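First the structure, in the form of structure tokens, and then the observations on it.
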Ligand code: CO
């Protein structure tokens with residue numbers, strides 16, 4: 001079915017800063033399509049290219065996560081240009097951090113600029129759940145995982161659980 005393999009914690013591949021996309025070509029479009037299939041199949045509401053093996057500044061997410069219908073959004077070289085307020089993102093999770101959820105403090109509203117799949121500049125202003133999704137995915141492009149933003153106690157609990165699993 002052409003699903004991409006999701007890289008999971010503690011793989012160091014997830015920790016590198018990504019490079020800007022320089023060419024939007026057929027190859028990239030095919031990769032984006034595979035990312036979308038992989039995200040919806042998982043299922044997840046967002047996915048960064050680095051999570052599926054490409055160290056480029058590229059994310060996909062669903063633009064209407066509360067609806068049944070798929071509303072695929074693609075953002076190339078996205079940047080948060082403004083962030084305001086705080087909100088607790090309850091039970092945040094990540095396809096690269098399996099079987100773990102935690103509350104994360106996030107900005108309540110963001111303005112993001114980037115390019116769509118055809119290279120057209122886009123500007124997105126959100127102050128809802130998608131504001132959190134955008135921050136989470138753009139974090140991935142800088143090598144940051146949501147577990148970096150939780151209390152050290154909770155993070156250590158998760159790390160210990162993973163270490164145990166890896167020993168088995
Ligand atoms: Co994630």
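Here, each number is a calculation from the coordinates, and none is a lab measurement. This one's a predicted model, so the numbers in the text were calculated from it and none came from an experiment. Cβ atoms come from the backbone with ideal geometry, glycine included; neighbour counts cover every protein chain shown.
When each of the peptides 52-58, 97-103 is scored by how many other beta carbons lie within 10 Å of its residues on average, the order from highest to lowest is 52-58, 97-103. Could you list the residues of region 102-117 with an amide nitrogen less than 20 Å from a label point located 7 Å from the Cα of residue 125 in the Cα-to-C-beta direction? Residues passing the 20 Å test: 107-116.
What percent does the relative contact order of the chain come to when contacts are Cα pairs within less than 8 Å and at least six residues apart? Write down the numbers at each step before the final one.
Details: 292 pairs, mean separation 36.7, N = 168.
Relative contact order of the chain: 22 percent.
Taking neighbour Cβ counts within 10 Å as the exposure measure, how do 71, 94 sort from fewest upward? Walk me through the intermediate numbers first.
Working: 71 10, 94 24.
Fewest-to-most Cβ neighbours within 10 Å comes out as 71, 94.
Pair-distance distribution P(r) for the chain, from all Cα-Cα distances in 10 Å bins starting at 0: 10, 40, 38, 12, 1 percent. For region 48-103, the fraction of C-alpha pairs more than 12 angstrom apart is 77%.
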